[in-house]
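Okay, so here's the structure we're looking at.
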Amino acid sequence: MNVATHRAVLLRHASALRETATELMDRDDFATSTPVALARLLGAAASAIEALLRSGAIRETLFPHAQEVLEHIGDHMRYVERSRIEHTPWSMIQALERFVHESAGPDVDFVIRPRWSYMYGVEGDFVRYYRDRLFAGWASEPAVLEAFAESERRLFVLSFPRSERTNALLHANFAHEMGHSVADQWRSAHFQEFWVPVEKALRVKLADQYKPQENQGQLFAKEQWLAERTREAQRIADRALVELIADQVGYQLLGPASLFAAAEFASRESLDSPPGDAGHYPPWRYRLRMLHERLVADLESLNVDNDYGCSRLIKDWAASLHSTVREAHDARILRSRTVYQSVYEAIAASWEEIRSRALSLVIRPPYSFSVRAGVIGELVERLRGGLIPNETGVFPNTSPAGFDDILNAGWLRVLELRAELGVEAHHREEHVRRLTLMGIETAEIHRRFIELQQ
Amino acid sequence: MTTLTREALNKELAADGGLRVTPLLDSGQVGPSSIDVRLGNQFIVFRRHLLGSFDPNNPLHSANRIQQRRVVRWGQSLTLHPGMLVLGSTFEFVRMPGHLEAQVEGRSSWARVGLMVATATHVEPRFGGAVTLELTNMGTTPLQLQPGVRIAQLIVRTAQPVYSSDPDAKKYGGAIGPMFSRLSKDKELALLRELGTHVRGAQTLESP
């Protein structure tokens with residue numbers, strides 16, 4: 001393909017993406033304006049590529065990179081399209097946005113979109129990704145400066161399993177995903193400081209274990225062997241710390257609801273997969289154990305007389321989780337290879353410091369079940385009576401309930417039904433989830449109404 | 001049956017196991033003998049281009065095929081054109097205790113501009129959910145319906161004897177938004193179909 005044709009093809013692609021972004025920005029079927037903000041960013045990025053192609057700032061040698069940027073824009077445009085009301089748990093999104101702003105700051109926004117695979121995830125921040133990575137080579141071009149002029153906003157995309165769209169309770173996992181942005185901040189600032197001594201000690205241990213294969217006794221082969229294992233160890237350490245920090249942030253934001261959701265998710269998977277076989281993720285049992293410790297510490301100060309039986313419920317559940325996490329299968333797995341053992345021993349040795357540094361980055365004070373038990377109990381009692389868990393108090397002196405309290409109440413009611421009915425609880429659970437969803441929305445509207453009146 | 005007035009309504013709304021209409025954004029929604037309810041933001045609209053007519057006897061004519069759910073963002077409006085019917089629901093979640101029932105009535109302010117609210121107006125004892133509202137524009141001017149607006153009123157009456165069946169068993173119970181019609185689930189429809197077969201059979205026998 002000659003240069004002129006190639007440039008024309010790229011121009012047409014950029015122009016089509018810009019137009020698609022404009023169409024998306026005109027739509028009014030998003031739960032909030034955040035998807036439109038992402039569409040605007042993507043449209044501006046497409047427009048900047050168009051301008052750079054026309055001005056010649058993108059030379060022939062950079063066509064492949066321009067092509068890559070356009071492919072990213074197309075991929076990300078899909079997220080905007082999929083975040084329309086009909087695809088999302090729209091009735092909880094306004095409340096979630098308020099919660100995000102209170103937790104991470106007013107400049108942070110999340111677009112919610114479904115995915116077909118059964119997993120939660122987070123991507124972003126998109127502004128920095130486009131401005132500082134994809135457009136880094138053209139940073140001083142006027143078209144690029146204009147495209148990212150309003151770039152202080154931090155935009156992320158949270159994804160959830162499509163089949164769980166209306167399962168507000170499982171969406172407590174969003175708190176863990178929000179924790180990834182905190183984990184990333186911790187990683188940028190502190191990971192190297194953690195990793196350097198671990199790597200040094202690991203190389204010494206591994207070097208002792210190295211057994212040259214026949215005909216492979218050269219120094220080069222040993223170095224390669226060591227490099228492969230230390231690279232693997234670094235990936236395992238990085239993934240473990242990111243997930244463990246995100247778990248802790250999730251608990252900090254939503255308390256036991258985040259643990260209930262994590263345990264529900266974990267119940268579908270093996271609890272003791274070795275990191276090497278599980279995308280470097282830490283074993284679920286290990287993660288649940290750390291969250292269980294947090295719950296136990298929280299429940300130590302529990303002293304509520306009138307919490308409608310919630311203390312008993314959560315203590316029973318904590319005891320049943322304890323029987324799972326006290327098993328040490330995961331510990332045996334983590335001792336089975338030097339790479340795992342070195343990483344996880346180092347994490348254990350520094351964990352308190354890592355955790356407290358990471359949690360100091362969270363604006364919102366820690367959620368405490370012990371403090372909120374009375375309110376949660378009141379909301380659970382409403383669910384028992386077939387009511388939405390949207391407010392506390394007695395008419396006319398009622399107050400809208402918080403997003404975090406509602407999720408905890410919904411979960412406790414579900415756990416209560418499971419304890420009473422076993423697998424037969426399924427249909428009743430669905431009812432609780434619907435009531436919870438409506439409770440979240442009406443409480444948010446109620447709160448906004450009060451704010452506007454004041 | 002006695003209609004509850006403001007004092008009795010306030011008492012019921014505060015009583016354990018009593019009437020719940022939640023959330024009441026403004027305690028002034030409780031009037032002299034009724035409770036104003038607000039419009040929610042979910043609607044079911046008709047897809048008129050898909051079917052010529054609706055036949056509850058035809059299993060292919062499920063309500064899902066002729067209607068679809070639409071959500072209007074808070075602060076925006078749904079336009080109801082003259083002659084148009086949509087299903088909306090109350091913003092409030094209503095739970096009737098066993099000793100009360102309610103009637104949904106439109107507000108005169110809306111009736112004066114052509115809006116008819118709720119033709120199936122009875123809320124039974126032990127109902128729990130958002131109440132579906134049938135909204136029709138009987139006037140000549142399109143109407144902008146904004147979620148949150150006071151759209152109707154509940155007239156609450158005593159029911160005797162106290163009704164005590166399981167609220168979950170109700171046909172439309174537990175709704176958190178407007179519900180699609182379940183006309184095709186009416187048990188009588190099968191019987192009516194059979195009745196038609198017998199009549200046709202009889203005619204066949206008598207014909208020469």
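Among the candidates A:Glu352, A:Glu381, A:Glu416, which residue alone is part of a helix (DSSP H, G or I), surrounded by 14 or more Cβ atoms within 10 Å (Cβ to Cβ), more than 14 Å from chain B (Cβ to nearest Cβ) and among the acidic types (Asp, Glu)? Before you say what the answer is, go through the steps one by one.
Details: A:Glu352 fails: surrounded by 14 or more Cβ atoms within 10 Å (Cβ to Cβ); A:Glu381 fails: more than 14 Å from chain B (Cβ to nearest Cβ).
Of A:Glu352, A:Glu381, A:Glu416, the one residue that is part of a helix (DSSP H, G or I), surrounded by 14 or more Cβ atoms within 10 Å (Cβ to Cβ), more than 14 Å from chain B (Cβ to nearest Cβ) and among the acidic types (Asp, Glu) is A:Glu416.
In the range B:105-123, which residues are within 16 Å of B:Ile35 (Cα to Cα) and not in a strand (DSSP E or B)?
Across the range B:105-123, the qualifying residues are B:Arg107, B:Ser108, B:Ser109, B:Trp110, B:Ala118, B:Thr121.
Out of B:Val113, B:Val131, which single residue is among the β-branched types (Val, Ile, Thr) and away from chain A (no Cβ under 14 Å)?
Step by step, each of B:Val113, B:Val131 is checked, and only B:Val113 is among the β-branched types (Val, Ile, Thr) and away from chain A (no Cβ under 14 Å).
I'm trying to understand the selection: among the residues of the range B:121-135, which are in contact with a Ser or Thr (Cβ under 8 Å, 6 or more places away or on another chain) and not charged (D, E, K, R)?
Selection gives B:Ala130, B:Val131, B:Thr132, B:Leu133.
Looking at (1) assigned to a helix (DSSP H, G or I); (2) of a type outside the set (A, V, I, L, M); (3) touching a helix residue (DSSP H, G or I) at 6+ places or on another chain (Cβ under 9 Å); (4) more than 9 Å from chain B (Cβ to nearest Cβ), can you tell me which one A:Gly393 breaks?
The single condition A:Gly393 does not satisfy is (1).
So is A:Arg326 over 23 Å from A:Gly377 (Cβ atoms), touching a residue at least 40 places away in the same chain (Cβ under 8 Å) and surrounded by fewer than 21 Cβ atoms within 10 Å (Cβ to Cβ) or not?
Working: over 23 Å from A:Gly377 (Cβ atoms): yes; touching a residue at least 40 places away in the same chain (Cβ under 8 Å): no; surrounded by fewer than 21 Cβ atoms within 10 Å (Cβ to Cβ): yes.
Spelling it out, it is not the case that A:Arg326 is over 23 Å from A:Gly377 (Cβ atoms), touching a residue at least 40 places away in the same chain (Cβ under 8 Å) and surrounded by fewer than 21 Cβ atoms within 10 Å (Cβ to Cβ).
Pairs only if they're at least six apart or on different chains, beta carbon under 7 angstrom, first in the range A:7-34 and in the same structural domain as A:Leu70 (by TED's automatic domain parsing), second polar (S, T, N, Q); list them, first residue then second.
A:Leu10/A:Gln67; A:Arg18/A:Ser47; A:Asp28/B:Gln76; A:Phe30/A:Ser83; A:Ala31/A:Thr88; A:Ala31/A:Gln94; A:Thr32/A:Gln94
Are there any pairs, at least 6 apart or on different chains, whose C-beta atoms fall under 9 Å, with the first in the range A:178-203 and charged (D, E, K, R) and the second not in a helix (DSSP H, G or I), and if so, which?
As it stands, the answer is A:Asp184/A:Asp125, since those pairs meet every condition given.
Going by the conditions given, is A:Thr398 within 10 Å of another protein chain (Cβ to nearest Cβ), among the β-branched types (Val, Ile, Thr), buried (at least 18 other Cβ atoms within 10 Å of the Cβ) and touching a strand residue (DSSP E or B) at 6+ places or on another chain (Cβ under 6 Å)?
Taking the combined requirement at face value, the residue satisfies it.
Please note which helices (runs of 4 or more DSSP H) are completely contained in the range A:215-321 and include at least 2 residues that are among the charged types (D, E, K, R). It would help to see each step written out before you state the result.
Numbers: elements: A:219-254, A:256-266, A:284-299.
Output list reads A:219-254, A:284-299.
Of the residues A:Leu437, A:Leu417, which is touching a residue at least 24 places away in the same chain (Cβ under 8 Å) and under 23 Å from A:Pro256 (Cα atoms)?
Working: A:Leu417 fails: touching a residue at least 24 places away in the same chain (Cβ under 8 Å).
Going through A:Leu437, A:Leu417 in turn, just one is touching a residue at least 24 places away in the same chain (Cβ under 8 Å) and under 23 Å from A:Pro256 (Cα atoms): A:Leu437.
Test A:Ser368 against the criterion of being free of Cβ contacts under 8 Å to residues at least 12 places away in the same chain, within 21 Å of the chain's Cα centre (by Cα) and within 21 Å of A:Ala297 (Cα to Cα), and give yes or no.
Working: free of Cβ contacts under 8 Å to residues at least 12 places away in the same chain: no; within 21 Å of the chain's Cα centre (by Cα): yes; within 21 Å of A:Ala297 (Cα to Cα): yes.
Against the criterion (free of Cβ contacts under 8 Å to residues at least 12 places away in the same chain, within 21 Å of the chain's Cα centre (by Cα) and within 21 Å of A:Ala297 (Cα to Cα)), A:Ser368 does not qualify.
The values are calculated or read from the model by the stated rules, or taken from the named source; none is laboratory data. None of the values given here were measured: they were computed from a predicted structure. Positions of Cβ are generated from backbone atoms using ideal geometry, with glycine treated the same way; all protein chains shown enter the neighbour counts.
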